[in-house]
Amino acid sequence: MPPRILCVDDEPSIRLLFEQELSEEGYDVDTASGGQEAIEKILKQPPDLMLLDIRMEDMTGLEVLQAIRPELPDLPVIMVTAVRGLRDDFSVESDTAVVDYITKPVDLEDLRAKVKKALAL
C-alpha cells in the first residue's frame, strides 16, 4: 500500500499541483482546503505525511499542529509557506515532527525530494 499524504492549503492551484505531482510518484494523496477540514481528515484516518500551509483563511498551520499533536505526536509534517525566513515568523522548531519546509512558488524537484526524505524517516 502506498504512503498516504495529506496536502493542506487554501489555494486550489497548490492543492492540485501537489495532488498531481505526488500521485504521479505513486503516493495516495488526499487534500484539505483548510485547517478544520484537515483536522477532521487526520483524526479520522491519519496520513503517513502531511504537507501543511502555514497561512490559511480559517486557521494557521500552527493551530492545526496544536490541535493534532495530542493524538498524533509523531506525524511527520512538511510546512509550506510563501514566507522566506520561516523560522523568524513562526516558532515551530519545538515541534520535532516538522521535518522540513517548502517555499512557494514550489520547486517540484524540491517537493519530490523532501517528501521522499520525510517518508524514509
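The values are calculated or read from the model by the stated rules, or taken from the named source; none is laboratory data. Small disclaimer: the values here were computed from a predicted structure and weren't measured. Reconstructed Cβ throughout: ideal geometry from the backbone, glycine too, with neighbour counts over all protein chains shown.
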Original post:
For the stretch 85-94, how many residues meet the condition of being surrounded by 16 or more Cβ atoms within 10 Å (Cβ to Cβ) and modelled with pLDDT of 60 or more?
Top reply: 0
Subject >> Filtered residue count, the stretch 104-119, keeping only those that are more than 15 Å from ILE5 (Cβ to Cβ) and either in contact with a helix residue (DSSP H, G or I) (Cβ under 7 Å, 6 or more places away or on another chain) or not in a helix (DSSP H, G or I) (or both) >> reply: 3
**OP:** Could you list all residues from the stretch 31-45 that are crowded, with 18+ Cβ neighbours inside 10 Å and assigned to a helix (DSSP H, G or I)?
**Re:** GLY35, ALA38, ILE39, ILE42
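Every residue, every condition in (1) touching a residue at least 40 places away in the same chain (Cβ under 8 Å); (2) crowded, with 16+ Cβ neighbours inside 10 Å; (3) of a type in the set (Asp, Glu); (4) assigned to a helix (DSSP H, G or I), yes or no:
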residue: CYS7; (1), (2), (3), (4): yes, yes, no, no
residue: SER13; (1), (2), (3), (4): no, no, no, yes
residue: GLU19; (1), (2), (3), (4): no, yes, yes, yes
residue: VAL29; (1), (2), (3), (4): no, yes, no, no
residue: PRO47; (1), (2), (3), (4): yes, yes, no, no
residue: ASP58; (1), (2), (3), (4): yes, no, yes, no
residue: LEU62; (1), (2), (3), (4): no, yes, no, yes
